[in-house]
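*Asks:* One structure, pasted below without further comment.
Only the coordinates and a few stated rules stand behind these numbers; no lab work does. The shown structure was predicted, so the numbers you read here are calculated from the model rather than taken from an experiment. With ideal geometry, Cβ positions are generated from the backbone for all residues, glycine too; neighbour counts draw on all protein chains shown.
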Amino acid sequence: MSNVHDVVILGGGTTGLSAGMYSVRAGLNTLLIEQSGFGGQILNADIIENFPGFPQGIAGPDLVMAIQEQASNFGLEYAFGQVQALNVQKQPMILQTESDEILARSIIICVGGERNRLGVPGEEEFEGRGVSNCATCDGYFFADQEVLVVGGGDSAIDEGLYLTQICSKVTVIHRRNQLRASRVLQERAFQNSKMDFRYDSVVESIDGRDAVTSIGLRNLKTDQSEEIAAAGIFIYAGYHPNTLPFQGTIPMDDGGHIKVDLNMATEIPGVFAAGDCRWHSARQLATGAGDGVTAALSAYTFLERLDQSA
Ligand code: NAP
């Protein structure tokens, strides 16, 4: 049974890395599986101002590197791959990747979520040619040009504010007449002379030839449509949890968020979920880290009981 891990963590964002750090520090043989690169959503964050301990803020990639280094120092092991299915019916549980079967006595799912698409014509076609969801990656391409930002949440306003440093004008398009973003971000945005707002409006199409040149916009109150010229459109229409491979195996709500109790435990013994992929998550970096820690401590308790009952 030497190839059976005490804990296998799915996902190498802040949540998974925090879980991993606590798990190895508790003396558990722990493997973290990541499908692409460490860091998850914050890899795109230019500056994070609300993670405790960084009064001047910290760039997303720097924070990820620091947490990963910290976890590695304690001996966390990593593997790359995509877990496609779980068999959680008996011990040890089995995680099926593209090429491998991994055995685990407990599993912590920290797979986060992915950005929603608008589902309008031109969105996929112009991806990387004017359509983006990463201001820090792509904002530079629109220096001194007018761009659009879709969404009214923290991501839209945060990234929109970043774009004002590069672009000549940033117009936020929001489907309601009130932003969802936190008050501090809203105030900053309203005070920024480069930011403009189009409320009660939705994007109907993204148009152009080789690259985006305009979008079709419809006002939901007046039902009037118009064309707005823009070279770039940054879309931040929320996200959905990356839990599709576990549907039918792990209990979830209608939105695909994994159901857990206060210990991050699912109904399935030995299976835990943490961070943005669980239900009722505050979806903040700090709460994700906290969730990961809670899940690791719960996994430790679970394994202790499992050993006692053996
Ligand atoms: P979010 O809070 O879910 O906001 C998504 C926005 O997109 C909402 O304004 C929503 O409109 C709009 N939307 C959704 N579907 C749409 C559609 N089909 N068409 C047009 N608009 C649509 O997502 P988020 O802004 O990505 O934030 C995710 C989480 O990360 C949040 O908890 C946020 O606090 C956190 N975050 C924090 C920071 C920070 O603190 N600096 C930065 C980024 C993200 P409605 O308002 O009408 O629903």
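*Asks:* In the stretch 48-59, which residues are in contact (Cβ under 8 Å) with a residue 40 or more places away in the chain and in a loop (DSSP other than H, G, I, E, B)?
*Replies:* Passing the criteria: N50, F51, P52.
*Asks:* Is it the case that the stretch 234-244 has a residue that's away from the ligand (no atom under 16 Å from the Cβ), of a type in the set (G, A, S), touching a residue at least 60 places away in the same chain (Cβ under 8 Å) and outside any helix (DSSP H, G or I)?
*Replies:* Checked against the condition, which is being away from the ligand (no atom under 16 Å from the Cβ), of a type in the set (G, A, S), touching a residue at least 60 places away in the same chain (Cβ under 8 Å) and outside any helix (DSSP H, G or I), the stretch 234-244 yields no hits at all.
*Asks:* Which pairs turn up if I take residues in the stretch 269-281 that are farther than 11 Å from A295 by Cβ and look for partners that are part of a strand (DSSP E or B) and among the polar types (S, T, N, Q) with beta carbon separation below 7 Å, at least 6 apart in sequence or on another chain?
*Replies:* Partner pairs satisfying both residue conditions: G270/S106.
*Asks:* What is the residue count in the stretch 264-278 for residues that are among the small types (G, A, S), at negative phi and in contact with a Gly (Cβ under 8 Å, 6 or more places away or on another chain)?
*Replies:* Counting residues in the stretch 264-278 that are among the small types (G, A, S), at negative phi and in contact with a Gly (Cβ under 8 Å, 6 or more places away or on another chain) gives 1.
*Asks:* Is there any pair linking a residue in the stretch 166-183 that is under 18 Å from L118 (Cβ atoms) to one that is near the ligand (Cβ under 8 Å from one of its atoms) and assigned to a strand (DSSP E or B), with Cβ under 6 Å and at least six apart or on different chains, and which?
*Replies:* Every condition considered, the pairs that remain are I173/V150; R175/V202.
*Asks:* Moving to a separate point now. Every residue in the stretch 91-120 that is among the acidic types (D, E) and buried (at least 21 other Cβ atoms within 10 Å of the Cβ), please.
*Replies:* none
*Asks:* Every residue in the stretch 255-290 that is within 16 Å of the ligand (Cβ to nearest atom) and either in a loop (DSSP other than H, G, I, E, B) or among the aromatic types (F, W, Y) (or both), please.
*Replies:* G255, G256, H257, A274, W279, H280, S281, A282, R283, Q284
*Asks:* Scan the stretch 78-106 for residues that are touching a Ser or Thr at 6+ places or on another chain (Cβ under 9 Å) and part of a strand (DSSP E or B) and jot them down.
*Replies:* Y78, A79, F80, V83, Q84, A85, L86, N87, M93, S106
*Asks:* Also, I was wondering about something else. With (1) basic (K, R); (2) more than 16 Å from the ligand (Cβ to nearest atom); (3) touching a residue at least 12 places away in the same chain (Cβ under 8 Å) as the list, and R209 as the residue in question, which single condition is left unmet?
*Replies:* Result: R209 fails condition (3) only.
*Asks:* Among the listed residues I42, I9, identify the single one that is part of a helix (DSSP H, G or I), touching a strand residue (DSSP E or B) at 6+ places or on another chain (Cβ under 9 Å) and touching a residue at least 60 places away in the same chain (Cβ under 8 Å).
*Replies:* I42
*Asks:* Is there a residue being crowded, with 18+ Cβ neighbours inside 10 Å and more than 21 Å from the chain's Cα centre (by Cα) anywhere in the stretch 51-74?
*Replies:* no
*Asks:* Mind listing just one residue for me: the one in the stretch 142-199 that is over 25 Å from the mean Cα position of the chain (by Cα) and among the polar types (S, T, N, Q) and, of those, nearest to the ligand (Cβ to nearest atom)?
*Replies:* Among those residues, the one meeting the criterion is N177.
*Asks:* Only one of (1) within 27 Å of T301 (Cα to Cα); (2) without any contact (Cβ under 8 Å) to a residue 12 or more places away in the chain is not met by L17, so which one is it?
*Replies:* For L17, the failing item is (2).
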